[in-house]
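Trainee: Have a look at this one before I ask anything.
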Amino acid sequence: MKVLDQVFVLKNGVKLPKIGLGTWQVKDGDEAYNSVRYALKHGYRHIDTAEGYRNEESVGRAVRDSGIPREEIFVTSKLESHIKTYEGAKQAFENTLKALEFEYLDLFLIHAPWPWSEIGKDCREGNVQAWKAMEELYRAGKIRAIGVSNFDPNDIENILKHCEIIPHVNQIGYFIGLDQKKTLEYCETKGIVVEAYSPLGIGYLLSNPIIDEVAQKYAVSPAQICIRYCIQKNTAPLPKSTHEARIIQNTQVDFEIKPEDMAILDEIKGDPRRWS
């Protein structure tokens, strides 16, 4: 079976396709709409968006216009990082449903444990309140699965201590060079599926000479190596592209990186992202 057709089965039995289309920094309007339409046309069944991306309306319209039954497409959105109240979370979710024009959402995530403008701020109580709202929406059937994003083990432990449902998913920045071993191992022990956003290292990895050398060995692109690496680390990559040819190429990862080459890739270190 092609990787594009493979799934992770979440703790509650919901199936999450292993490869999704990321839409961070994809502009609302034609750019977001066309990206999603290209992806669905070529077999993607997993689309990732967020209220903070400001493109939910275009994503929802593309899903509806695709002609594919809604239940066959897994759509994720996220609670904006600064919303840390019970009522705020419930209202934000309703805003997301309205923007997408959906009756339910497949996965809803707390976008970050703290506001992006105040990275590291102690929002433990706020995360608990937001999570309790999401538990309620989940039990009401409005969301098929709930999770978190950018949470480390301590952030998740706070949820487990005060709430009832273990997150089904933790979406984190993960790519060659970024050591997330501690979080990956922790999530595995809890049965939490890890999604990898920015699997291409925000494009930085595509010009890495070591990755290029490995790619040549397998007669694939550096992007394909990056995506395959994430899959072999048992994560669900969410590559972003607005170009139809690259959207197609990013799914063509039905090969195996040998252990010795995975070890070479593991030696690469560095995080090009800057949040301040």
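Trainee: Tell me which of these Glu164 doesn't satisfy, since it passes every other one: (1) at pLDDT 95 or above; (2) open to solvent by 70 Å² or more (accessible area, probe 1.4 Å); (3) part of a helix (DSSP H, G or I).
Mentor: (3)
Trainee: Moving on to the next point. Thr96 versus (1) open to solvent by less than 70 Å² (accessible area, probe 1.4 Å); (2) closer than 21 Å to Ala245 by Cβ; (3) outside any strand (DSSP E or B): which is the lone unmet condition?
Mentor: Going through (1) open to solvent by less than 70 Å² (accessible area, probe 1.4 Å); (2) closer than 21 Å to Ala245 by Cβ; (3) outside any strand (DSSP E or B) one by one, Thr96 breaks only (2).
Trainee: In region 196-214, is there at least one residue being at negative phi, in contact with a strand residue (DSSP E or B) (Cβ under 7 Å, 6 or more places away or on another chain) and hydrophobic (A, V, I, L, M, F, W, C)?
Mentor: yes
Trainee: Let me ask you something else. Within region 129-160, take every residue that is acidic (Asp, Glu) and within 25 Å of Lys181 (Cβ to Cβ) and give me the one that is farthest from the chain's Cα centre (by Cα).
Mentor: Selected residue: Glu157.
Trainee: Turning to a different aspect of this structure: In region 104-142, what residues are at pLDDT 95 or above, assigned to a helix (DSSP H, G or I) and hydroxyl-bearing (Ser, Thr, Tyr)?
Mentor: Scanning region 104-142 gives a single hit, Tyr138.
Trainee: Residues being among the hydrophobic types (A, V, I, L, M, F, W, C), without any contact (Cβ under 8 Å) to a residue 60 or more places away in the chain and either more than 17 Å from Gln171 (Cα to Cα) or surrounded by fewer than 19 Cβ atoms within 10 Å (Cβ to Cβ) (or both): count how many of those fall in region 101-129.
Mentor: Looking only at that region, the number is 3.
Trainee: Now a separate question. For residues that are part of a strand (DSSP E or B) and crowded, with 17+ Cβ neighbours inside 10 Å, tally how many sit in region 9-65.
Mentor: 7
Trainee: If I ask for residues that are part of a helix (DSSP H, G or I), of a type outside the set (Gly, Ala, Ser) and either without any contact (Cβ under 8 Å) to a residue 40 or more places away in the chain or under 17 Å from Thr251 (Cα atoms) (or both), which ones from region 206-222 would you list?
Mentor: Matches in region 206-222: Leu206, Pro209, Asp212, Glu213, Gln216, Tyr218, Pro222.
Trainee: Working only within region 66-93, note down all residues that are part of a loop (DSSP other than H, G, I, E, B) and either in contact with a Cys (Cβ under 7 Å, 6 or more places away or on another chain) or charged (D, E, K, R) (or both).
Mentor: Those that are part of a loop (DSSP other than H, G, I, E, B) and either in contact with a Cys (Cβ under 7 Å, 6 or more places away or on another chain) or charged (D, E, K, R) (or both): Glu80, Lys84.
Trainee: What pairs can you find where one residue is in region 157-185 and closer than 17 Å to Val128 by Cβ, the other is open to solvent by less than 20 Å² (accessible area, probe 1.4 Å) and among the charged types (D, E, K, R), and their Cβ atoms are less than 9 Å apart, with a gap of 6+ or different chains?
Mentor: Between residues of region 157-185 that are closer than 17 Å to Val128 by Cβ and residues that are open to solvent by less than 20 Å² (accessible area, probe 1.4 Å) and among the charged types (D, E, K, R), the close pairs are Cys163/Glu135; Glu164/Glu135; Ile165/Glu135; Asn170/Glu195.
Trainee: Let me ask something else about it. Can you name every residue in region 130-143 that is surrounded by 16 or more Cβ atoms within 10 Å (Cβ to Cβ) and touching a helix residue (DSSP H, G or I) at 6+ places or on another chain (Cβ under 8 Å)?
Mentor: Passing the criteria: Ala130, Trp131, Lys132, Ala133, Met134, Leu137, Lys142, Ile143.
Trainee: Would you confirm whether or not region 49-59 contains a residue that is closer than 16 Å to Gly20 by Cβ and among the charged types (D, E, K, R)?
Mentor: Yes, that holds for at least one residue.
Trainee: Kindly evaluate Ser77 against the criterion of being surrounded by 22 or more Cβ atoms within 10 Å (Cβ to Cβ), within 21 Å of His46 (Cβ to Cβ) and either of a type in the set (S, T, N, Q) or modelled with pLDDT under 95 (or both).
Mentor: Criteria met by Ser77.
Trainee: Just the residues that are open to solvent by 30 Å² or more (accessible area, probe 1.4 Å) and either more than 17 Å from the chain's Cα centre (by Cα) or closer than 22 Å to Leu16 by Cα (or both), please, taken from region 192-219.
Mentor: Selection gives Tyr197, Tyr204, Leu206, Ser207, Pro209, Ile210, Asp212, Glu213, Gln216, Lys217, Tyr218, Ala219.
The values are calculated or read from the model by the stated rules, or taken from the named source; none is laboratory data. The shown structure was predicted, so the numbers you read here are calculated from the model rather than taken from an experiment. Positions of Cβ are generated from backbone atoms using ideal geometry, with glycine treated the same way; all protein chains shown enter the neighbour counts. Keep in mind that these areas ignore ligands, DNA and RNA; they rest on the heavy atoms of the full protein, side chains included. Shrake-Rupley method; radii C 1.70, N 1.55, O 1.52, S 1.80 Å.
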